[in-house]
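Here's the structure, in structure tokens; my notes come after.
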Amino acid sequence: MASARKALVLIDLQQWIVGMQWEPVAGGVVAAACVELRDRFAHAGSPAVILVRYVRADGADGGVDAAPNRLVPGLEPRAGERLVTKNGLDAFEGTGLDDHLRGSGVTKLVLAGLSTAHGVAATASTAKALGYEVAVAADATASRSQSEHPVGDVRLRTVDRHVSGDDTAAQDDATGVGQH
């Protein structure tokens, strides 16, 4: 039986978002953790990486080419990675992400990025509803306030696992998202 294919989905790591105030860690810490996580995926032979960015649908933020909307240094798309632009919280809504993942044979997702209580939670909820197995790299997420961060965790109670970045690239457990 062939093993399920796993994808890493990194959410809302463009410059203006990462530069905002985040808790329990700064946006730069989350971005650095996401860079390391992507490198672990590549090293483990799981090259399916999706980078998701938020851009206003009305273009009032300057659009995809505006400097603040660019991904932070170190998270620019690499060859074979997909860049998805969303106009709301959910990375699936109106982006074709589900079609891309299914077409690539992906059944398991590891999510990370900003913010736990918003983009990560909305994307996780939709992914679960669509039938994906979902893990959140808890050490590669943050929210706008310390009090909001647990709200994200409550909204994420339906995900299969909360894992650390070190766990996500492991290939030897039943879910394919790592051992604790």
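The values are calculated or read from the model by the stated rules, or taken from the named source; none is laboratory data. Computed from a predicted model, the values in this text were never measured in an experiment. Here Cβ is always computed from backbone atoms with ideal geometry, including for glycine, and neighbour counts include all displayed protein chains.
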Worksheet item: Yes or no: Leu10 under 19 Å from Ala121 (Cβ atoms) and not β-branched (Val, Ile, Thr)?
Response: yes
Worksheet, complete the sentence: Of (1) in a helix (DSSP H, G or I); (2) surrounded by 15 or more Cβ atoms within 10 Å (Cβ to Cβ); (3) at pLDDT below 95, Ala32 satisfies every one except (3)
Discussion item. Looking only at segment 1-14, count every residue that is modelled with pLDDT of 95 or more and surrounded by fewer than 23 Cβ atoms within 10 Å (Cβ to Cβ) and tell me the total.
Written reply: 0
Worksheet item: Is it true that some residue in segment 59-75 is assigned to a strand (DSSP E or B), among the hydrophobic types (A, V, I, L, M, F, W, C) and free of Cβ contacts under 8 Å to residues at least 60 places away in the same chain?
Response: yes
Fill in: First in segment 126-144 and over 15 Å from Ala112 (Cβ atoms), second anywhere and part of a helix (DSSP H, G or I) and modelled with pLDDT of 90 or more, Cβ under 7 Å, 6 or more apart
Leu130/Asp98
Practice prompt. Please state which one of Arg53, Arg78, Arg40 is basic (Lys, Arg) and either part of a strand (DSSP E or B) or exposed (fewer than 11 other Cβ atoms within 10 Å of the Cβ) (or both).
Written response: Arg53
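Any residue at all in segment 123-134 that's among the acidic types (Asp, Glu) and surrounded by fewer than 16 Cβ atoms within 10 Å (Cβ to Cβ)? Give the derivation first.
From segment 123-134, those among the acidic types (Asp, Glu) are 133; that's our starting set.
So of that shortlist, the ones also surrounded by fewer than 16 Cβ atoms within 10 Å (Cβ to Cβ) come out as none.
The answer is no; no qualifying residue exists.
For segment 84-126, give me the residue count where each residue is within 15 Å of Ala57 (Cβ to Cβ), outside any loop (DSSP other than H, G, I, E, B) and within 12 Å of the chain's Cα centre (by Cα).
Here is the first cut: in segment 84-126, the ones within 15 Å of Ala57 (Cβ to Cβ) are 84-91, 93-95.
Keeping just the survivors that are outside any loop (DSSP other than H, G, I, E, B) gives 84-86.
The next check asks that each one be within 12 Å of the chain's Cα centre (by Cα); those that pass are 84.
The total comes to 1.
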